[in-house]
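Read the structure below first, then the notes.
The values are calculated or read from the model by the stated rules, or taken from the named source; none is laboratory data. Since the model is a prediction, treat every value here as computed from it, not as a measurement. Heads up, the Cβs are rebuilt from the backbone with ideal geometry, glycines too, and the neighbour counts pull from every protein chain shown. Only protein heavy atoms, including side chains, enter the accessible area calculation; ligands, DNA and RNA are left aside. Shrake-Rupley method; radii C 1.70, N 1.55, O 1.52, S 1.80 Å.
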Amino acid sequence: MREPLQLYTYWRSSAAYRVRIGLNLKGLAYQLLPVHLVRDGGQQHAPEYAALNPQQLVPTLRQGDQVLTQSLAILEYLDEAYPDTPLLPAAAPARARVRALAQLVACDVHPLNNLRVMQYLEHVIRADAGDREEWTRHWMREGFAALETLLADHPDTGRYCHGDTPGLADCCLVPQLYNAHRFGVDLSPYPTLRRIEQACLALEAFDRARPENQPDAQ
């Protein structure tokens, strides 16, 4: 019998949001362990958490003595360890497509607007709030334009990013669109993304993972 799953999370972290969606889609029970990324100078920098995750980021997934970091690695671990309700399709070309869609968001868009980048722009570069917000909106628009092109009219795009079953790409897309709403990005040029978002948020697994539905939501 496997040890219980513990997720170190922050309600507004889109990376942690991805993992919450994946856990919910798979119907897995898990314990939420909030790590406040702003309070006390950032609880992720506390020595006990830094020892667990040297990057001092969330999410971290713990299962007994096993500690996993990086949201995409965690999601693929869950897919391998708990193969029911797969997040990746079976065929190799389809798996590559879904991974590319997920990585476009998780590796190219999100890192440019996460908290530590915003804090660096504020405290080191001395960019004002307006410039920081425009930076965020610019890189989201760049990524969303590419993602819309990849998804729109593609034969493998269905109700969700790939076919009619939500998966890894949707786990990444929905949290990034949450960030876009938060920063006032005009999403009208991306009708496919908005359609997929609506389909996802109608599902209990996505709704339960929403930031505002987390116990540590501020």
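How big is segment 115-170 on each of its three principal axes, counting only the C-alpha atoms and giving the largest first in Å?
Principal extents (largest minus smallest coordinate, Cα): 45, 18, 12 Å.
Would you please give the FRET efficiency between Arg99 and His123, computed as 1/(1 + (r/R0)^6) with r the Cβ-Cβ distance and R0 = 30 Å, to the nearest 0.05?
0.30
Counting helices only, and only those DSSP H runs with n ≥ 4, report the 222 nm mean residue ellipticity of the chain as the sum of -39,500 (n - 2.57) divided by its residues, in deg cm²/dmol to the nearest 500.
Helix contribution divided over all residues of the chain: -15000 deg cm²/dmol.
Using only the Cα atoms of segment 106-218, build the gyration tensor, take square roots of its eigenvalues as a ≥ b ≥ c, and label the shape rounded, prolate or oblate: rounded if a/c is under 1.5, else prolate if a/b is larger than b/c, else oblate.
Here segment 106-218 falls in the oblate category.
How would segment 51-102 be classified by its alpha-carbon gyration tensor: rounded, prolate or oblate, with rounded meaning a/c under 1.5 and the a/b versus b/c comparison settling the rest?
Since a/c reaches 1.5 but b/c is at least a/b, the shape of segment 51-102 is classed as oblate.
Let me make sure I get this right: for segment 43-158, a, b and c are the square roots of the gyration tensor eigenvalues over alpha carbons, sorted descending. Under 1.5 in a/c it's rounded, otherwise prolate if a/b > b/c, else oblate. Which is it?
The shape class here is oblate.
Under a point spin-label approximation (7 Å from Cα along Cα-to-Cβ), what is the Ala81-Glu204 distance to one decimal in nm?
So the label points at Ala81 and Glu204 sit 2.4 nm apart.
Among 11-17, 45-51, how do they line up from the highest to the lowest mean number of other beta-carbon atoms within 10 Å?
11-17, 45-51
GNM on the chain, C-alpha springs below 10 Å: top fluctuator among Leu57, Leu168, Leu150?
Leu150
Could you tell me which label, among [x] 1.18; [y] 0.93; [z] 1.00, carries the value of Cα Rg over 2.2 N^0.38 Å calculated for this structure?
Correct label, based on the coordinates given: [z].
When the chain is fully extended, how far beyond the present Cα-Cα distance does Ala46 get from Asp153, taking 0.36 nm per residue of separation?
Gain on stretching Ala46 to Asp153: 33.8 nm.
Which order do His123, His162, His154 take when ranked by solvent-accessible area (1.4 Å probe, heavy atoms of all protein chains), largest first?
So, going from the largest accessible area down, we get His123, His154, His162.
Measure off 7 Å from each Cα along the Cα-to-Cβ vector at Glu133 and Gln218, then give the distance between these two points in nanometres to one decimal.
Reported label-point gap for Glu133 and Gln218 is 1.8 nm.
Just to confirm my numbers, what's the Cα centroid distance between segment 185-218 and segment 1-46 in Å?
Comparing the Cα centres of segment 185-218 and segment 1-46, I get a distance of 18 Å.
Using the Cβ atoms and a cut-off under 10 Å, what net charge is assigned to the surroundings of Asp186, where Lys and Arg are +1 and Asp and Glu are -1?
+2
Taking 0.36 nm per residue of separation and subtracting the Cα-Cα distance, what length does fully extending Arg182 through Asp108 add?
24.8 nm
When DSSP assigns beta bridges and you keep just the ones with both residues in the chain, what percent turn out antiparallel, to the nearest 5?
Expressed as a percentage, antiparallel bridges in the chain total about 55.
Work out which helices of the chain, taken as complete DSSP H runs, extend at least 24 Å along their axis over the Cα atoms and score a mean Kyte-Doolittle of -1.0 or more, then list them.
Result, helices passing both filters: 129-151.
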